[in-house]
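Reviewing the structure listed below.
The values are calculated or read from the model by the stated rules, or taken from the named source; none is laboratory data. Keep in mind it's a predicted model, so treat the numbers as computed, not measured. Cβ placement follows ideal geometry from the backbone for every residue including glycine, while neighbour counts extend to all protein chains displayed. For the accessible areas, the whole protein counts, side chains as well, though only heavy atoms, and no ligand, DNA or RNA atoms are used. Shrake-Rupley method; radii C 1.70, N 1.55, O 1.52, S 1.80 Å.
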Amino acid sequence: MQSTSHAFKQNAHRALHDPMLQKAMGHVRSGFIDKRVQAAARLPEFDQLRDQAKAIKDHTLAHLDHYLERYEAKVLEMGGKVHWCATAEEAREAVLSICRSLDARTVTKGKSMLSEEIALNEHLEANGIEPVETDLGEYIIQLRKEPPSHIIAPAVHVNKEQVEADFRRVHKNLPPERSLSEAAQLVDEARQVLRQRYLEADVGITGANFLIAETGTSVIVTNEGNGDLTQTLPKAHIVVASLEKVVPTLEDCATILRVLARSATGQEFSSYTTFSTGPRRPEDPDGPEEYHVILLDNGRSSMLGTEFQDMLRCIRCGACMNHCPVYHAVGGHSYGWVYPGPMGAVLTPSLIGVEEAGHLPNASTFCGRCEAVCPMRIPLPKMMRHWREREFEQHQAPAKARLAIEAWAFVAKRPRLYRWATSLLIGALGRAGRRRGRFRELPLAGGWTAHRDFPAPSGRSFQARWAEQQRRGRASR
Amino acid sequence: MSSRKAILGAIRHSLGRQRGDGAEQAVEARLRTHDRNLVPQRGCLEGEALLSLFSSQAERVDATVERVATDAEVPEAVAEYLKRNNLPPRVRMAPHPDIQALPWAEKAPLLEVAEGRADPQDLVSVTPAFAAVAETGTLVLHSGPQTPTTLNFLPENHVVVVRASQVVGAYEEVWDRLRAANPAALPRTVNMITGPSRTGDIEQRLELGAHGPRRLHIVLIAEEGDS
Ligand code: SF4
């Protein structure tokens, strides 16, 4: 996917003035937050399980080379194939050549963010193979030719009426007078249309929530059952997975599963958690004859051993964006690439470079809600700060901002100068604003005063008031 | 250099891997012992408490649960279920001895019973389960010659027959039973099913029956002294 992360500010500006988007984003606020709280409250051990889930991933990442080798050996033993791919391009080619070897014309797809990351659909289309997204949200955005705006609810930016219009536009062979005003009718129509596609597909592609080293198994977690039809009906099942998805054992997988759905949708468990090991066995009456795993690195191995390693614990639950005020305001598309919200703000610069995506770690209020809800206890705000520092060190911050930060640093490192400068400034502001108590406009603070007034300070700096209180406190003791 | 070698090399470099640092042994040991992590209290029930937690958790996620006392009551329960939901008296069942052994002809003579993998036209499937997990009301089914996976997803209605002795508290107990029953390797597909198919993709409102079954009906055989 072509990134527009460098244009975050323009993207966000447009999003803030898009009434349809703003209406749709209301569903994120109402749809996820309360349900997560309730699910967590129903399981007294929830926070302990988070600690253990984190520890499992930390252990796995520290031994990633060995776990991947063990995982691969098991897949091979079970009759599957593993395709190691260093880059997105290698991964696209690997999928294409499997499809070609089967003369595939149609492939069905379960939801996979990694497939978005490697721009798989575009590549298949360019080579004469039709990819059909089967997750309802993914299907909707495929019809709209849009990227996902949320990692678990890809069409969260779309309203019901828009879906109706898209279905009428594309499902031309259905009676035009049919009613599609209810969500249930839309779900039903998608079910009917896609049923046919599952049956005619030659290859089914899914992502993976986990790869289990112990058994050589890939795991998908869905609610619709689309992933299961996708991987069961065609001749071949291709799994696209990045290498940090591996976990040691079934027991470890169970522990992380206990925090995944609760954090994501507030369900205790998703409807379908499916474990796939190799192709169908000779005596099996159904299932795919071939099983391939595309094991992708795409920059992840170089995050190991750095301050960004913790990000590789991410299980893509979406809780961080569900709780992010910036995400709520600007929506997922503003982030300009595949991964939005706080996890995207940390991951995107790692994968496509801080030169392109440097705005994202700056799009944060540092309110800390993302870290508070992250089931894998990923220190997202701290890592955004790391990116800001790197961006600054690499001289990528805009000249005006650099000058201001450098000037501030010069003053802040000199306590006497700092006290003198702040008391002067605050005194001046206090006197100027005494009558109204706030400012409509203020030089250098146009970004603030364009939308709200700036409160006038009391006229004395915090340090001065603190010092005075300390003096009084001592005197009264 | 192959990508495999390059990727593993990059990982080892990033991790500062040293020969003889014990990492490989640590990995071996963990995979061999596959120790349990914390198992939530609610997964540690027994007897009637276990069965009722399973039922209430399954009902919370929109499955329906019906208890019968003996095997002989299952065919009638299935026939009644179809009638209640205005479904034609026709089922596709798993060619599994536990299901075949039920007295279909005797107890539900009007029910048309076919066996095998699912056809796209099938409206109702009847399958056994490998296990059921009380902590979240989850059914565990797996593929095999007697249990085609298509039965779990293609028909709009899925009826699952579960015995009380198959109900366990936590996922970890399922892993133990799976390993014991399949020492060489896991079956190709293991399905954990928690309620019928659903989606929230249109304005985050829940709708049932997205692609998989719209209805999930569990017939729980709780024989005397079984629980
Ligand atoms: S960073 Fe944490 S909260 Fe965000 S998607 Fe990843 S695991 Fe979930």
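In table form, for the structure just shown:
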item: Relative contact order of chain B, defined on C-alpha pairs under 8 angstrom at six or more residues apart (%); result: 24 percent
item: Peptides ranked, highest mean first, by Cβ atoms within 10 Å: ranges A:208-216, A:185-193, B:25-33; result: A:208-216, A:185-193, B:25-33
item: Neighbourhood net charge (11 Å Cβ-Cβ; Lys/Arg +1, Asp/Glu -1) for A:ALA153; result: -3
item: Shielding by partners - mean other protein chain Cβ count within 10 Å, residues of A:301-310; result: 3
item: Within the accessible area of chain A (1.4 Å probe), percent carbon and sulfur; result: 54 percent
item: Cβ neighbours within 10 Å from other chains - mean over A:274-284; result: 6
item: Summed residue charge, Cβ within 10 Å of B:VAL159's Cβ, Lys/Arg positive, Asp/Glu negative; result: 0
item: Percent of Cα-Cα distances greater than 46 Å, calculated over the protein assembly as shown; result: 25 percent
item: Surface share of carbon and sulfur [accessible, 1.4 angstrom probe, percent] for chain B; result: 48 percent
item: Chain A: angle of helix A:415-432 to the longest principal axis, Cα-based, in degrees nearest 10; result: 80 degrees
item: Residue-averaged 222 nm ellipticity for chain A, from DSSP H runs of 4+ at -39500 (n - 2.57), nearest 500; result: -15500 deg cm²/dmol
item: Fraction of alpha-carbon pairs over 26 Å apart in the range A:1-135 - percent; result: 56 percent
item: Probe 1.4 Å, protein heavy atoms only - accessible area per residue of the range B:45-221 in square angstrom; result: 35 Å²
item: Kirkwood Rh in Å, taken over all unlike Cα pairs in the range A:139-276; result: 16.9 Å
item: Relative packing of peptides A:431-437, B:45-51 - highest average C-beta neighbours within 10 Å first; result: B:45-51, A:431-437
item: For the range B:45-221, size of Cβ-based charge dipole, Lys and Arg +1, Asp and Glu -1, in debye; result: 300 debye
item: Rounded to the nearest 20 debye, dipole of chain A from Cβ charges on Lys, Arg, Asp, Glu; result: 4180 debye
item: Residues of type lysines that B:LYS107 reaches as a straight line, Cα spacing below 29 Å, ignoring anything fewer than 8 places off in the same chain; result: B:LYS83
item: Solvent-accessible area buried by pairing A with B, both sides, nearest 100 square angstrom, 1.4 angstrom probe; result: 7700 Å²
item: Pairwise centroid distance, computed over Cα atoms, of the range B:175-227 with the range B:79-93, Å; result: 20 Å
item: Of all DSSP beta bridges in the protein assembly as shown, antiparallel share, percent nearest 5; result: 35 percent
item: Degrees, to the nearest 10: A:19-42 long Cα axis against longest axis of chain A; result: 80 degrees
item: Where no second cysteine Cβ lies under 4.7 Å, the cysteines concerned in the protein assembly as shown; result: A:CYS85, A:CYS99, A:CYS253, A:CYS314, A:CYS317, A:CYS324, A:CYS367, A:CYS374, B:CYS44
item: Folded to 0 to 90 degrees: helix B:74-84 orientation relative to chain B principal axis, Cα; result: 80 degrees
item: Under 16 Å between alpha carbons - lysine pairs in the range A:43-298 that sit 8 or more apart or on different chains; result: 8
item: Partner chain coverage, peptide B:177-190 - average Cβ within 10 angstrom; result: 6
item: Separation of alpha-carbon centers, the range A:130-160 and the range A:346-395, rounded to whole Å; result: 26 Å
item: Order of exposure, largest accessible area first, which applies to A:THR4, A:THR60 with probe 1.4 Å; result: A:THR4, A:THR60
item: Cα gyration tensor shape for the range B:45-221, rounded if a/c is under 1.5, else prolate or oblate; result: rounded
